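Right, one structure below, let's go through it.
The values are calculated or read from the model by the stated rules, or taken from the named source; none is laboratory data. Just so it is clear, the model here is predicted, and its values are computed rather than measured. Cβ placement follows ideal geometry from the backbone for every residue including glycine, while neighbour counts extend to all protein chains displayed.
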Amino acid sequence: MAKKRVLEGIKVLDMTNVLSGPFASLHLALLGAEVIKIENPKDGDLARKLGVAPEKNKILMGTSFIAQNCNKKSVTLNAKTPEGKEIFKKLAKDADVVIENFRPGVMDRLGIGYKILAEINPRLVYCAISGFGQTGPDAFKPAYDQIIQGLSGEMAINGDERLSPLRAGFPVCDTVGGLNAAFATMAALFHRERTGEGQFIDVALLDSIMPLMGWVVANLLIGGQQPVVMGNDNFTAAPSGTFKTKDGYINIAANKQEQWESVCDVLGVPELKIDPRFKERDTRKKNRKELTPLLETRLADRPTLEWVDALNANDVPSGEILSLERALRQPQIVHRGVLQKVHLNDIGEIEVFGLTALFDKTSGDVTAPPPTLGQHNAEILGRIGATAEQLKEWKSKGVI
């Protein structure tokens, strides 16, 4: 018997573009919500034209769009037109959630902001995602992921003495902001189950990334220690980081004293256990630059996988450092079903991420490919009484 889906019956109007907002609504869609993506009639979500495959960008199915928009439906709507505003209000009348990631005030200027929609539908959960939030001295500044990475301090704690500041290799602030918005939306829906009332949610990308640096921030605010860029070394312990082997690199995380002693035994350097520079945890951390070459001299004798097996067998967490392609194909990821296959017209079978939290009673599967622009106009607008003639008229006027 097919599993139920957590958000089955929940209707989401998705007014978002590019990444943070679509990533939030993607999680709701994977959980079974009907996510109706409201796009501009001309070319839709900007992500439709973003990606490394120009031929897909030309048909408005860029790889960036494909990655974030499975399980959704697409309706084109020009909310700047009087008809567009009225259509949106009709759709919002029985919606459960509205998500948008415009700059603060844009939806209000369009006449479809939270206050107006809440009068129509008091149970509505409205989530606004922006770079800096709806209030404060920077609220109206433009923001992209890299701008937020810099302003958050995240870039300043990356890299090493040769290369810092350093951005993360993917849009971490956008994706974390999207996850925060999805989490907040779920919490608001739970509150509504208890009280019957909707509410407004204000999610800022800058706010969202800050708690992810909790340990580093605690060291500064509570311990009085400024962060030190350490590259691939883990500041909490030594040896804990990346080390060179005979044929590549290995991650070793000897975070406990007994793990450090096991490293010495496995590598055949038991004398280091009693060396005053390395015997105690804190002195070991201070002397890591002397310790690393001593360990790498032994690690150079054997290939990475042999060391991984030997260290793990002795309860020392270790692992290869994989390329992205190898990481995606590793047996554990395949076993967990992290990637799922779906067929996309004009492109063929593609692989995308499904929900990565596995529920034993409910499903988070990919059940539909990303929609083509306006694919569901007739289906969704038909629910509010639009006839074929009406759709034709709206299209001729640029409303849809």
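Of note:
- The residues on offer are ILE209, ILE147, and the sole one that is β-branched (Val, Ile, Thr), touching a Gly at 6+ places or on another chain (Cβ under 8 Å) and crowded, with 20+ Cβ neighbours inside 10 Å is ILE209.
- Within region 226-272, the residues that satisfy the criterion of being surrounded by fewer than 20 Cβ atoms within 10 Å (Cβ to Cβ) and hydroxyl-bearing (Ser, Thr, Tyr) are THR236, THR242, TYR249, SER262.
- In a residue-by-residue description of region 165-172, the property of being at pLDDT 95 or above and not in a loop (DSSP other than H, G, I, E, B) applies to at least one position.
- The residue of region 311-341 that is farthest from ALA238 (Cα to Cα), among those that are part of a loop (DSSP other than H, G, I, E, B) and without any contact (Cβ under 8 Å) to a residue 40 or more places away in the chain, is GLY337.
- Annotation: THR372 fulfils all but one of (1) more than 27 Å from LYS56 (Cα to Cα); (2) surrounded by fewer than 18 Cβ atoms within 10 Å (Cβ to Cβ); the unmet one is (1).
Each row is one residue, and each column tells you yes or no for (1) assigned to a helix (DSSP H, G or I); (2) of a type in the set (A, V, I, L, M, F, W, C); (3) closer than 26 Å to THR387 by Cβ.
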site	(1), (2), (3)
SER74	no, no, yes
GLU86	yes, no, yes
LEU91	yes, yes, yes
ARG109	yes, no, no
LEU117	yes, yes, yes
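- Selection within region 214-273 - under 19 Å from ASP309 (Cα atoms) and among the aromatic types (Phe, Trp, Tyr): PHE243, TYR249, TRP260
- Inspection of region 142-153 identifies at least one residue that is in a loop (DSSP other than H, G, I, E, B), in contact with a strand residue (DSSP E or B) (Cβ under 9 Å, 6 or more places away or on another chain) and touching a residue at least 40 places away in the same chain (Cβ under 8 Å).
- In region 342-378, of all residues being more than 20 Å from LEU28 (Cα to Cα), of a type outside the set (A, V, I, L, M) and not in a loop (DSSP other than H, G, I, E, B), the one that is modelled with the highest pLDDT corresponds to ASN377.
- Selection within region 28-46 - crowded, with 24+ Cβ neighbours inside 10 Å and not in a strand (DSSP E or B): LEU28, ALA29, LEU30, ALA33, ASP45
- Flag if VAL97 is of a type in the set (A, V, I, L, M, F, W, C), surrounded by 14 or more Cβ atoms within 10 Å (Cβ to Cβ) and without any contact (Cβ under 8 Å) to a residue 12 or more places away in the chain: no
- Filtered residue count, region 176-188, keeping only those that are surrounded by fewer than 20 Cβ atoms within 10 Å (Cβ to Cβ) and in contact with a strand residue (DSSP E or B) (Cβ under 8 Å, 6 or more places away or on another chain): 1
- Residue in region 343-359 that is over 22 Å from LEU60 (Cα atoms) and either hydroxyl-bearing (Ser, Thr, Tyr) or in the same structural domain as ALA253 (by TED's automatic domain parsing) (or both) present: yes
- The condition (being aliphatic (A, V, I, L, M), closer than 30 Å to PRO369 by Cα and touching a residue at least 24 places away in the same chain (Cβ under 8 Å)) is satisfied by just one residue among VAL352, VAL308: VAL352.
- Top-ranked residue in region 317-347 [being surrounded by 12 or more Cβ atoms within 10 Å (Cβ to Cβ) and of a type in the set (Gly, Ala, Ser); ranked as farthest from the chain's Cα centre (by Cα)]: SER318
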